[in-house]
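Please read the structure below before turning to the comments.
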Amino acid sequence: MTEEKNWENILLRYKFAKTMLEKELEIIIGDYEHRTSSHPVEHIKSRLKSKESILKKLEKKKVKTTPENIKKYVHDVVGIRIVCSFLSDVYDMVNIIKSSKNLKVLEENDYIKNPKSSGYSSYHLNILIPLYLEENIEYIEGEIQIRTLAMDFWASLEHKLQYKLPENIPVYLRRELYSCSEEVKSLDTKMQHLYDIVKKYTDN
Ligand code: 0O2
C-alpha cells in the first residue's frame, strides 16, 4: 500500500468513528430530552484532526509517524464538544454518556473541579467508539469535551489569543486570562443558583 493510501485508510476509519459517535450522541441525548422534557445542550461541534495536526502532535511528542503511534499518542483525532446551558447539565451529560452501552470510557478528567493552570475548565471523556466492519469490530478512540456556554466562551477566545501569540504569552496576559476564567466560574455558579430556584418553582 502506498503511503498516501495508508493515510487515506487511517483517516477514513476516524471519519467513520466520528459519524458513529455523532449518531450515538444524537440518540442518547434525544432519548434523555424526551424522557426529561429538558434541553440541556446548546450546541454540539465535531471535528476530525487534520493530517497536518496529527503530524504536528507526533512531532511534539518526539515519536515516529506510524499508525500505532497515532493510536498511542493522539487521543483526539475524533473530537466532539458538547456545550451545555448550566453546570448541572454538564454532569448530567457525563452520566448519560457513561451509561451508553455502545461507548466505553477509557479515561475521564474533570477540569471543572480541577481546572488547568491556564484556567481552562471542561469535562473530558476519552472513549472507545465501535466500528462494525465487514470482518470484525474495530475500536477507535475519541475525545468528548463537555462544558458550559461560559466555559466555551473563555476557551474559544483564549485559544484565539494563543494563536495570535504562538511563541509565549506574557505573564501579565496569562494572569488576566486566568482572572477571566475565575469570572466565568463565578457566572456559572450564579446561573446555576438561579436555575435551581426556577426549577423549584416549576417542579411544584
Ligand atoms: P485542539 O486544537 O483544541 O484540538 P494532549 O491531547 O496529549 O495534548 P492531554 O493532557 O492528553 O494532552 O489532553 P487534555 O489536556 O485532556 O486535552 C487537550 C485538549 O483540551 C486541547 O486539545 C484543547 O482542546 C483543550 N485544552 C486543554 N488545555 C487548554 C487551555 O489551556 N486552553 C484551551 N483553550 N483549551 C485547552 P489540543 O489538541 O491542544 O487543541
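Protein heavy-atom surface of the chain, 1.4 angstrom probe: 54% of the accessible area is carbon and sulfur, with nucleic acids and ligands not counted. Among the chymotrypsin sites (Phe, Trp or Tyr not before Pro) found in the stretch 143-186, not one is both in a DSSP coil and sparsely packed, with 11 or fewer other Cβ atoms within 10 Å of its Cβ. Averaging the sequence gap over all C-alpha pairs within less than 8 Å and six or more residues apart, then dividing by the number of residues, gives the chain a relative contact order of 20 percent. Only beta bridges with both residues in the stretch 58-204 are counted; by DSSP, about 70 percent of them are antiparallel. Tell me which trypsin sites (Lys or Arg not before Pro) from the stretch 1-100 have a DSSP coil assignment and no more than 15 other beta carbons within 10 Å of their own. Answer in residue order: 61, 62, 64. The overall shape of the stretch 155-203, judged from the alpha-carbon gyration tensor, is prolate: a/c is not under 1.5, and a/b is greater than b/c.
Shown here for the stretch 69-157: GluC sites (Glu not before Pro) in loop regions (DSSP other than H, G, I, E, B) with at most 14 other Cβ atoms within 10 Å, namely 134, 135. The gain in end-to-end length when the residue 175 to residue 62 segment is fully stretched comes to 37.7 nm, 0.36 nm per residue minus the alpha carbon separation. Reported to the nearest whole Å, the Cα centre-to-centre distance from the stretch 5-81 to the stretch 129-154 is 5.
You can think of it this way: the chain between residue 3 and residue 202 has 65.7 nm of extra reach, that is 0.36 nm per residue less the Cα-Cα gap.
What whole-number value in Å² describes the accessible area per residue of the stretch 155-203 for a 1.4 Å probe?
Using a 1.4 Å probe on heavy atoms only, each residue of the stretch 155-203 averages 87 Å².
Can you tell me how the stretch 3-149 classifies by the Cα gyration tensor, rounded, prolate or oblate, using a/c under 1.5 as the rounded cut? Oblate, because a/c is 1.5 or more while a/b does not exceed b/c. Applying a threshold of 27 Å to the alpha-carbon distances of 104/164; 113/200; 5/64; 49/104; 23/98 flags 104/164 as lying beyond it.
The values are calculated or read from the model by the stated rules, or taken from the named source; none is laboratory data. Owing to the predicted nature of the structure, the values given are computational and were not obtained by experimental measurement. Cβ atoms come from the backbone with ideal geometry, glycine included; neighbour counts cover every protein chain shown. SASA here: full protein model, heavy atoms, side chains in, ligands and nucleic acids out. Shrake-Rupley method; radii C 1.70, N 1.55, O 1.52, S 1.80 Å.
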